[in-house]
1. Working only within region 268-310, note down all residues that are more than 18 Å from L38 (Cα to Cα), in contact with a strand residue (DSSP E or B) (Cβ under 9 Å, 6 or more places away or on another chain) and either of a type in the set (A, V, I, L, M, F, W, C) or buried (at least 22 other Cβ atoms within 10 Å of the Cβ) (or both).
2. Quick one: count up the residues across region 29-50 that are within 30 Å of S173 (Cα to Cα) and either among the basic types (K, R) or surrounded by 19 or more Cβ atoms within 10 Å (Cβ to Cβ) (or both).
3. Write out, first by first residue and then by second, each pair whose Cβ atoms fall under 8 Å of each other, whose residues are 6+ apart or on separate chains, and whose first residue, in region 226-243, is without any contact (Cβ under 8 Å) to a residue 40 or more places away in the chain while the second is outside any helix (DSSP H, G or I) and hydrophobic (A, V, I, L, M, F, W, C).
4. Determine, yes or no, whether V123 is surrounded by fewer than 24 Cβ atoms within 10 Å (Cβ to Cβ), in contact with a Leu (Cβ under 9 Å, 6 or more places away or on another chain) and among the β-branched types (V, I, T).
5. Among the listed residues E168, E181, identify the single one that is surrounded by fewer than 22 Cβ atoms within 10 Å (Cβ to Cβ), touching a residue at least 12 places away in the same chain (Cβ under 8 Å) and either within 17 Å of V49 (Cβ to Cβ) or not basic (K, R) (or both).
6. For A268, state whether it is within 20 Å of the chain's Cα centre (by Cα), under 22 Å from L138 (Cβ atoms) and either of a type in the set (S, T, Y) or not in a strand (DSSP E or B) (or both).
7. Only one residue in G121, G197, G142, G147 is without any contact (Cβ under 8 Å) to a residue 60 or more places away in the chain, under 30 Å from R61 (Cα atoms) and not aliphatic (A, V, I, L, M), so which one is that?
8. Among residues belonging to region 64-86 that are closer than 20 Å to C25 by Cβ and either assigned to a loop (DSSP other than H, G, I, E, B) or free of Cβ contacts under 8 Å to residues at least 12 places away in the same chain (or both), point out the one that is nearest to the chain's Cα centre (by Cα).
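Computed from the coordinates by the stated procedures, all read-outs in this text should not be read as laboratory data. Please read these numbers as outputs of a predicted model, since none were measured by experiment. Methodologically, a virtual Cβ is constructed for each residue, glycine included, from the backbone with ideal geometry; neighbour enumeration extends over all protein chains shown.
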Amino acid sequence: MSTKVDLGALFGATETKTFLGLESCEDLTTLEAPVALLGVPCATPYAAVGAYCRNAPDALRQATASMTANVDRHDFDHGGPVFPDPKLRPVDCGDLPFDESDGAGNRQAITSAVTQILERGAVPVLLGGDDSIPIPMLEALGATANGQKFTILQIDAHIDWREIHMGERMGLSSTMRRASEMPHIERIIQVGARGIGSAATSDYEDALAWGVKFVTAYDLYKKGLDAALDLIPEGSNVIICIDADAMESTLVPGVIARGPGGLNYYQAVDLIKGAAAKGRIAAMDFVEFMPERDIDGIGALAFARLITTALGVLARQAA
C-alpha cells in the first residue's frame, strides 16, 4: 500500500484552529469561561536561537484534532467527560503577536493579556513558546494578587537559576531566579531535574539558600510522588510551570535537550491532580515544545494529551 491512510478519520478528526475544537475568544474583554488558553509563541529569546518554539501552540492544537469529535465521550483519566459541564469548558484565546527582536514588548503583551484573563476571573493556561514565558505571567499574577502568596510547582529537567545568559536576565535559563525575586512568590518546588544542564553548582546552591525544595527525577523514581506533593501546604495557591523536557524523551521527543530518565505521563498527571487536591491552581504554562524536533507527531500528541487532562482538572476546580 503506497497511499498513507488517514487514520484520524476513524476518530472523526478534523482540522481545528482551536485546542480540542474549543470555542474561540479572541476579545479578552468578553471572556466568561473559567479557564482561558493563550498561545504565546515568544517572550525573551536568546539571539543565538531566536523564537525556536514559535510553532508549538499551533502544533499542539493540531495534535488534538483526533479528539475534537470525541471530547464529550468518557475519559478514563477523569472517570467521566473531560469537561463535566458545558459551562466549565475552557476557551481558546488564540496567539499573542510577537516581535523576535523586542523582548520587552513581548513581555508587556503577555503581562497585559494574563492580567485581563485574571481580572475576568479565569485561570490562564499558556501554551509556549520558550521557558522565558512564565516570567511575565508571574508578574501579572503579582499585580493582581491582592496580598495573596503563591507556591510555584515547576516540572522541568532544568532548574533555570542562571543570573544572566548571553547578556539577558529575562531568558529561559533565569526563570526561577526571577521568580524568586517576586514578593508574591513564597515557595518554589522544583521537580524533575536530571542529567547535566546549564546551571552551575553555584546556581543550585543559590536556589537552596533561597529556600527552593528540589525533588529530582531520580528522587521521584526512588521515593514516589509524595516526595513532591507533601511539600505543598494545604490551601496553597499553586502556579504550575511545565517544561516539555521534563517528560521522558521517548514520550516527548520534540525538545532541545533530550535525555533518559524523564517523567512518564501519569507521573505528570498525578502531580497536577495532587497539586489541585492540596489547594487551588491559579495559573499554568506548558512550554519548550519544539515541533521541528518531534518524531511523527508523538510528542505533540503526548504533550497535548497532558494539557487536555490538566484542563479537565481545572474544570473540576471551577465546579
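1. A268, L271, I272, A275, A276, G299, A302
2. Residues that pass the stated criteria total 11.
3. A227/V215
4. When the stated conditions are applied, V123 passes them.
5. E168
6. yes
7. Going through G121, G197, G142, G147 in turn, the sole match is G142.
8. The selected residue is T64.
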